[in-house]
Amino acid sequence: ENGTVKADVQGDGQVAKTEEEDKEDKAAQSLLNKLIRNNLVNTNNQVEVLQRDPNSPLYSVKSFEELRLKPQLLQGVYAMGFNRPSKIQENALPMMLAEPPQNLIAQSQSGTGKTAAFVLAMLSRVDPANKWPQALCVSPTYELALQTGKVIEQMGKFYPEVKLIYGIRGNKLDRGMKIQEQIVIGTPGTILDWCLKFKFIDPKKIKVFVLDEADVMIATQGHQDQSIRIQRMLPQNCQMLLFSATFEESVWNFAKRIVPDPNIIKLKREEETLDTIKQYYVSCCSKEEKFQALCNIYGAITIAQAMIFCHTRKTAGWLAGELSREGHQVALLSGEMAVEQRAAVIDRFRDGKEKVLVTTNVCARGIDVEQVSVVINFDLPVDKDGNPDNETYLHRIGRTGRFGKRGLAINMVDSKSSMNILNRIQEHFKKKIEKLDTDDLDEIE
Ligand code: ADP
């Protein structure tokens, strides 16, 4: 998190994140994404499908009817407001529901319909007449498991015979009991214990195994090991499904250990571009001057909604205070806020209840900036070594080609070193960042 001071234990100027912190960051980001997302992300990219058996025909569906779902489930799907399968669902669903069952590794960014797809597969595969677990889903954290559980409950609303139980720490069952629910969703440690140590679950009777958020899961070695141990207890013919938002080498290596003979579906995320962005910088000498420049900008142009990025929580808090004093309706996102609180702030901002959102970088990664017309880097993004963080810069102000509404980005520079960072960012993207004179702002609109 920006703004927290960590001990420089290695003495080499680098402060390494612990494995646990890294996992928590990723899990929190993922949860935030889920909490603030209420529809599918739009994408223009084509789904890439690699079939295990390249000779078998490639099925894709354009409607949910074609899937021959149980009527109760189709009703559940429509009650959720889904009219047609999402891009990855078009290919993933026929594969996931095929007989005999097929294994699948699927990668696509958050918000593309992965969860809905595997929930539908789990609900379709279990037999409510059998009072034992038949579908197992592991998630990296308790909170993420709960989110998936909610989707199961919503989609299974008209199919109440199918029951769900959470395999999470704190859910203590009596020794010797056998779970009767058909679907178990939880974290790897508890699920492993329930299968192995307590024998609440007979893993040999599992028909579908889902591993969600593989990229978050692999951030913890313990979770990797536990997931692999669970997988080894499952029968040969159990359907294995693995999902991930990203697909680095490490995720891929893990995925191959969890899912034998997989079909693979990938959907590239929409590329961000600076092509439709007007980029400016303002030269100042201090934080106070930067604030003054900001006020001048607000005085000169109409800004519907702006996001302002600061490097530390402290600066963000200060700036939010100053802006409120000027009469702006300001929302502040800060690292110490719980994920649910952050989601609430983002929701209010998206509803237009506040016009300015001041934030540090970490908090705002999940926000779609499509509706934000102005992004202000009150501090330029730098990595932990003080080098320009080009990726973050692009992510803050870039737009996906398709929604290429014109945008405006203003960078605040307050020292030789920040000017240097700005120049390096400019060189990196080979896009001119024009100087802006905040005493004469006619040029910018
Ligand atoms: P992911 O697991 O890839 O993050 P989700 O399954 O959570 O994606 O879907 C993202 C959002 O889109 C959710 O709000 C979900 O209810 C909605 N959604 C999923 N599938 C469809 C669909 N076919 N039509 C409309 N909305 C959908």
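General remarks:
- Any hit, region 79-89, residues being within 28 Å of Lys26 (Cβ to Cβ), touching a residue at least 40 places away in the same chain (Cβ under 8 Å) and more than 13 Å from the ligand (Cβ to nearest atom): no
- Hits in region 266-315 (condition: free of Cβ contacts under 8 Å to residues at least 60 places away in the same chain and surrounded by 17 or more Cβ atoms within 10 Å (Cβ to Cβ)): Phe291, Tyr298
- Residue satisfying all of: in region 37-59; surrounded by 14 or more Cβ atoms within 10 Å (Cβ to Cβ) and not in a loop (DSSP other than H, G, I, E, B); farthest from the ligand (Cβ to nearest atom) among these: Val49
- Criterion (buried (at least 21 other Cβ atoms within 10 Å of the Cβ), among the aliphatic types (A, V, I, L, M) and either at pLDDT below 95 or within 14 Å of the ligand (Cβ to nearest atom) (or both)) met by exactly one of Leu136, Leu93: Leu93
- Exactly one residue out of Gly111, Gly81 is assigned to a loop (DSSP other than H, G, I, E, B), among the small types (Gly, Ala, Ser) and modelled with pLDDT under 95: that is Gly111.
- Members of region 106-117 found to be touching a residue at least 40 places away in the same chain (Cβ under 8 Å) and either near the ligand (Cβ under 8 Å from one of its atoms) or out of contact with any Phe, Trp or Tyr (no Cβ under 8 Å at 6 or more places or on another chain) (or both), listed by number: Ser108, Gln109, Ser110, Gly111, Thr112, Gly113, Lys114, Thr115
- Screening Val282 on (1) under 23 Å from Leu31 (Cβ atoms); (2) among the hydrophobic types (A, V, I, L, M, F, W, C); (3) part of a strand (DSSP E or B) shows it passes everything except condition (1).
- Once region 195-249 is narrowed to residues that are exposed (fewer than 14 other Cβ atoms within 10 Å of the Cβ) and within 25 Å of Leu267 (Cα to Cα), the residue that is nearest to the ligand (Cβ to nearest atom) is Glu248.
- Against the test of being within 19 Å of Ile152 (Cβ to Cβ) and either surrounded by fewer than 15 Cβ atoms within 10 Å (Cβ to Cβ) or touching a Ser or Thr at 6+ places or on another chain (Cβ under 6 Å) (or both), the options Lys34, Lys131, Lys62 yield a single qualifying residue, Lys131.
- Residue within region 152-171 that is in contact with a helix residue (DSSP H, G or I) (Cβ under 6 Å, 6 or more places away or on another chain), modelled with pLDDT of 95 or more, within 16 Å of the ligand (Cβ to nearest atom) and under 22 Å from Ser227 (Cβ atoms) present: yes
- Filter pass, Leu144 being surrounded by 24 or more Cβ atoms within 10 Å (Cβ to Cβ) and either modelled with pLDDT under 95 or within 13 Å of the ligand (Cβ to nearest atom) (or both): no
- Candidates Lys34, Lys70, Lys62 - the one that is touching a residue at least 24 places away in the same chain (Cβ under 8 Å), within 30 Å of Ala338 (Cα to Cα) and either among the charged types (D, E, K, R) or more than 14 Å from the ligand (Cβ to nearest atom) (or both): Lys34
The values are calculated or read from the model by the stated rules, or taken from the named source; none is laboratory data. Keep in mind that what you see is a predicted model, and the values were worked out from it rather than measured. Reconstructed Cβ throughout: ideal geometry from the backbone, glycine too, with neighbour counts over all protein chains shown.
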